Each structure stands twice: as C-alpha cells, then as structure tokens.
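Structure, as structure tokens:
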Amino acid sequence: MPLGFFDINTSGRIRKIIDDNASITHTFLAHQLPDLSGTFLVPIAAIILIFTFDWQLGLACIIPVIIAALIMSYTMNTKGQEFMRLYMNSFEEMNTEAVEYVRGIPVVKVFQQTIYSFKNFHKSIMNYNKMVYSYTMMWEKPMSFYTIIINSFVFFLAPLAILLIGNNDNYASVLLNFFLFVLITPVFSQSVMKSMYLNQALGQAKEAIGRLENLTGYETLAKAQNPTPIQDFSIQFEQVSFRYPGATQNAIDKICFSIPQGQTVALVGASGSGKTTIARLVPRFWKVTEGQVSIGGINVRDIDPKELMKHISFVFQNTRLFKTTLLENIKYGNANATLQEVERAVDLAQCREIIDRLPLGLDTKIGTEGTYLSGGEQQRIVLARALLKNAPIIVLDEATAFADPENEHLIRLTLKELTKGKTILMIAHRLSNITDVDRILVIDKGGIAEQGTHNELINRKGMDVE
C-alpha cells in the first residue's frame, strides 16, 4: 500500500478487518458451509417419509413450515443486509476507538478521568448499543411470531388427526401416524432455524469478504514502466495542489518552490496549514492532484518506489520503534550495516548514554519483554536509524516536538550531523527553532504566504509565526 494509506486507516480498523473478518470467513467455510447439505437433505428426506405414510397429515406439517419460511424471508430482506453493514461499521469504529483509548490510559489516569472523558470511545459504544437495540426491537414481533409458528406443528396435526379418526375405522393407524409425525416434525423446525442462521452467516461472510477486498483493493500508486534513476538530489514543487480522499477542498494549492541539492528549507506555520502534507508528497505518500513533485528534475512518478525510498530518510514527530532489540531497530536503516557502523551512528545520535545504562546494551529489547524509553530517547534511536541509512534527502517533521529540554539539545546536535551535505525539508512551528536554514517558507491555508531567510522574515515583521 502507498504510505498515505496508513494515514487514513487506523491500526484498530485494519486489525479488525484482517483478524475478525478472517475469523468470520473461516467459521463460515469450516463449520457452517458443511451444514448446508444437511439443511437441505434432511427436510427433503422427512417430506418424502411423511407423505409416504399419510399425505393428509403431511400437508398439515407443511403449512407451518411455509408460514415460517415466509416470515424468515421477510426478516432477511434488505433491512437485514443494511443492518449487517451498519453493524460491522460500528464494530470497526469501536475497535479503532478502543485501541486509541488503551493507548491513552496513562493520560486518563494521570488526570483522574473516566471512560466518559474519552468521548469518541464512549460515543462509539453508545452508537453500537443504540443500533443493535433498535434492530432487535424492530424484529421483536416477527421473530416472536416465527418462533411460535415453527414450533406449532402439533396444533395443526391434532385437529386434523381428530377429524381423520372420526371418519376412519382404522383409527389405530391414524394415531400411530400422528405420533410418528409429532416426533419427525421437529426436524423441520431445526432445519428452518439452521437455514436462517446459515443465511445470516452467509451475509456476514459476504460483508467480511467485501471489507477485506475494499481494504486490499485500495488504489495503489502507479509505477513507471521505465523508471529513471536519480542523479541529482534537488527537490522541486511545480504548481502542486493536493486534496485528501473524500475532502472537498485542497489541502495545499498551487505550491511552487525548489530546494537545491545540499541546502535546507524549513516550513513554518500554524497547525493544519499544510506543512506536513507538503513534506509527505516528497516521498510520495500520496499522488498529487495537480502539478508535479520532482527530484533532480525527475517526476517522483517516474522513479522506482524502491529507488525513491532508498534515497529518502524520514524523521517524524511520532516515533516508530518495533518490539525488538535496539540493534535491530537501528539496523532497519541499513540491514547490511556492520556493528562498527551501528556504534558510530549511536555516538553521532547522542545515544551512547542510553545504551551504556542498559545491562544488555544494544541487545536490550523494547516493550513489555525489555524496557521502555522516553519520547526523547526514542527519537534519538530513530535518528540513529536515519544516520545509519545515510540517505541524501531527509524529511524532518517536528523531530523535537515531544522532547524535554535536555533531549531537545541532544537531538539538535544529532540533526547537525544528520543533515551535513544533505538536501533537507524540515517542518517547525516557530522561527526561533530554525535560525540557520537556507530558506524558510511560511505556509498558511495551503499556500506560501512568505519566504526568505530567518533575518529577512524577522525584519519584515510579516505573519506571526513566533
């Protein structure tokens, strides 16, 4: 999937679709589908049997089956199918919010709040409750009537048996047939119920398959038939506009600027102004709506994705460390790196004191099986990974956003090493954080409001981005 796919699909939703929906399809194929033959064959055999003994009592048995089947078909109409869709939508939403809630438990506990403070999670639970309750109440009477009819064979058989006994000298035969039919008719009840559950399971399986296909059928980014290798690492934005899927307005509009190879350009502006969107178009998280983004004069669409990723490093404000050793986390930047190269990256990233204080050093695992690092420490490990990759283009998205003053100082020292001789596109909220960059672009409402060096912007006293 393109990297932008993971911006709009939460981990909770993806987990629910892959895990739970796979379970639904497995259950249908492995357990419920084999029941299909029995659901059809058993009632056919029973019908043949009862009509062989007494066709009149057989007809009496068929009446409640026909009525129950009509009620069942009514309950399985388009309203039922729509409910299945809404049910799975609300279930996915609840899964998503549950994951976010669990991640936010430390914040909830620190500020002595309850589940009600996590409004989205509470709202998703209440929506699920309301939807299921409404659906249940909607079918209360039809299902009650269905349950009565499907279990009422004896009320159809008994009056007819009495009439037949009164008009037949061989009442013993009629009586024996009556008792036989009373014993056989529950087969119809079970078969109809099984067919109803089977139909419901089929609807669930279809919806599950549809969601799996929608997830994996997400539009992928087109690959160039004859990709062009990158020779120059300058970056160009030429009349670039971009609109997020489902949005009505452009996130950025007619953006034009360039970053010569080896220079640093910073984007500043308020939250939601479009800075991150601009930065994420360089590694082609998304396909631009208009214009083109180029590296060394080559449209990123014409660069092989592996080639593009090879020459770009990312350092985002939200760190991503895997639940494995620090060594393996750092070597994600370069799987073929030697231990000496890893150690050098650790030193340049100011991570030595982190490694030295851990009993297992680089072999220490992150997560429940090992240890936990602070936000600033995690960011320094991520920077070590980026240093080890040594890509010529670096995208920095608020790399010091969650660091304390001490870690922020160390991260800034690391960034000086990381950005030497590289083409840099960085994001910041304040001009005071980027005094030494080659050029600053002030982004406002998806466009470039001002640009210049730090001193030029300060002297100009334009937009307030301090």
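Some points to look at:
- Residue within the stretch 2-24 that is at pLDDT 75 or above, surrounded by 13 or more Cβ atoms within 10 Å (Cβ to Cβ) and acidic (D, E) present: yes
- Scanning the stretch 378-394 for residues that are among the aliphatic types (A, V, I, L, M) and either free of Cβ contacts under 8 Å to residues at least 40 places away in the same chain or in contact with a His (Cβ under 8 Å, 6 or more places away or on another chain) (or both) yields A391, I393.
- Qualifying residue in the stretch 371-385 (condition: part of a loop (DSSP other than H, G, I, E, B), touching a strand residue (DSSP E or B) at 6+ places or on another chain (Cβ under 7 Å), assigned by TED's automatic domain parsing to the domain that holds L415 and surrounded by fewer than 17 Cβ atoms within 10 Å (Cβ to Cβ)): no
- Checked against (1) surrounded by fewer than 16 Cβ atoms within 10 Å (Cβ to Cβ); (2) modelled with pLDDT of 75 or more, R211 passes all but a single condition, namely (1).
- For the stretch 331-350, filtered to residues that are within 12 Å of T414 (Cβ to Cβ) and more than 33 Å from the chain's Cα centre (by Cα), the residue that is surrounded by the most Cβ atoms within 10 Å (Cβ to Cβ) is A345.
- Filtered residues of the stretch 423-452 (kept if modelled with pLDDT of 85 or more and either more than 15 Å from C256 (Cα to Cα) or outside the structural domain of N250 (by TED's automatic domain parsing) (or both)): T423, I424, M426, I427, D438
- Pairs with Cβ under 6 Å, 6+ apart, first in the stretch 142-170 and touching a residue at least 24 places away in the same chain (Cβ under 8 Å), second among the polar types (S, T, N, Q) and in a loop (DSSP other than H, G, I, E, B): F153/T185
- Residue in the stretch 180-201 that is in a helix (DSSP H, G or I) and under 24 Å from the mean Cα position of the chain (by Cα) present: yes
- Filtered by the rule that a residue be free of Cβ contacts under 8 Å to residues at least 40 places away in the same chain, in contact with a Lys or Arg (Cβ under 9 Å, 6 or more places away or on another chain) and either assigned to a helix (DSSP H, G or I) or outside the structural domain of K310 (by TED's automatic domain parsing) (or both), the stretch 344-370 gives V346, I354.
- A count restricted to the stretch 210-235 and to residues that are touching a residue at least 12 places away in the same chain (Cβ under 8 Å) and not in a loop (DSSP other than H, G, I, E, B) stands at 4.
The values are calculated or read from the model by the stated rules, or taken from the named source; none is laboratory data. Worth saying up front: this structure is predicted, and the values here are computed from it rather than measured. Neighbour counts are summed over all protein chains in view; Cβ atoms, including those assigned to glycine, are modelled from backbone coordinates with ideal geometry.
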